Amino acid sequence: MILKLWQYRGFIAHSVMQEFRARYAGSALGMLWVVINPFVQILVYTLIFSHVMRARMPGQTDDVLAYSIYLCAGLIPWLCFAEIVTRSSTMFMEYSNMIKKSAFPKVCLPVIVLASSLINFALMLGIFMLFMLLVGRLTWAAFFLSLPFSLLMILPAVGIGLALGTLNVFFRDINQIQAIVVQFWFWLTPIVWPAQVLPEALRKWLPLNPIEPMVTAMHGLFMDTGLPDPFAIARGVAFAAFTLWLGYAMFRSKAAELADEL
């Protein structure tokens, strides 16, 4: 698989560039929309939770700044996670004409989606890092460890997206179902709300959320509240490995039938 991807690296790079051109064609602000949309979300959530709902960050004196940092730390990798899952669920449908007419490894498609999403993620994370540097809250630990923890949140999205994209070719309701599940998953993850606000009876169920350890790790890095225990991080690693294996196994089992079903 790696050899095939390397052989088609030019095709992958060209497809990613084409996607960006098509996405921002005719737009006066161009790629600035990558930053504007998350910024508006952050602004709205900060206004609602830190002012209207009076969300408080334990151990923090500046609630607005602390909440904004807390929100960005979890929301930025989540947006990448959600984008990969959402786009991957329809990638074979979007490229159906190419799949029918051209002979190329179909595994290139999830790589194109991943590369495109990672560019958006890098832009948002870079701006967040600059913001943290300007307010004097950036640490070396946050700078270096944010990438591997983000990666452990992004890799499961690749596996989940590959599985959903394969299933969606055969069962067209999958895309609608995943949109609902992703929305619920977002609100069941402590991204916009601190885990400390939950009653103890509900907080004990948080470990059932497989990406919660990575979100908590990102919060710990940027809020300087410490990392989850190694067992929680190990669960995140296991979930990433399992979803990648499952997604690729489902894709391989149905790859030969995709062109006939599209």
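Of note:
- Burial order of peptide ranges 181-188, 215-222 (average beta-carbon count within 10 Å, highest first): 215-222, 181-188
- Whichever lysines have a C-alpha closer than 26 Å to that of Lys4, once near sequence neighbours (fewer than 8 apart) are set aside: Lys100, Lys101, Lys106, Lys254
- Axial C-alpha extent at least 24 Å, average Kyte-Doolittle at least -0.5 - helices from the chain (DSSP): 63-88, 108-134, 140-170, 230-254
- Mean separation of Cα contacts under 8 Å (6+ apart) over length of the chain, as relative contact order %: 26
- Mean residue ellipticity at 222 nm, helices only, the chain: -23500 deg cm²/dmol; runs of at least 4 DSSP H residues each add -39,500 (n - 2.57), and the sum is divided by the number of residues.
- Peptides ranked, highest mean first, by Cβ atoms within 10 Å: ranges 13-21, 112-120, 234-242: 112-120, 234-242, 13-21
- Rounded, prolate or oblate (a/c below 1.5 giving rounded, otherwise prolate when a/b exceeds b/c) for the stretch 130-181 by Cα gyration tensor: prolate
- All Cα-Cα distances of the chain, cut into 10 Å bins from zero to the largest, leave 6, 27, 34, 22, 9, 1, 0 percent in each bin in turn.
Bear in mind these aren't lab numbers, they're just calculated from the coordinates by the rules spelled out. Note that the structure is predicted; figures quoted are calculated from it, not measured. For neighbour counting, all protein chains shown are included, and Cβ atoms are generated from backbone atoms with ideal geometry for every residue, glycine included.
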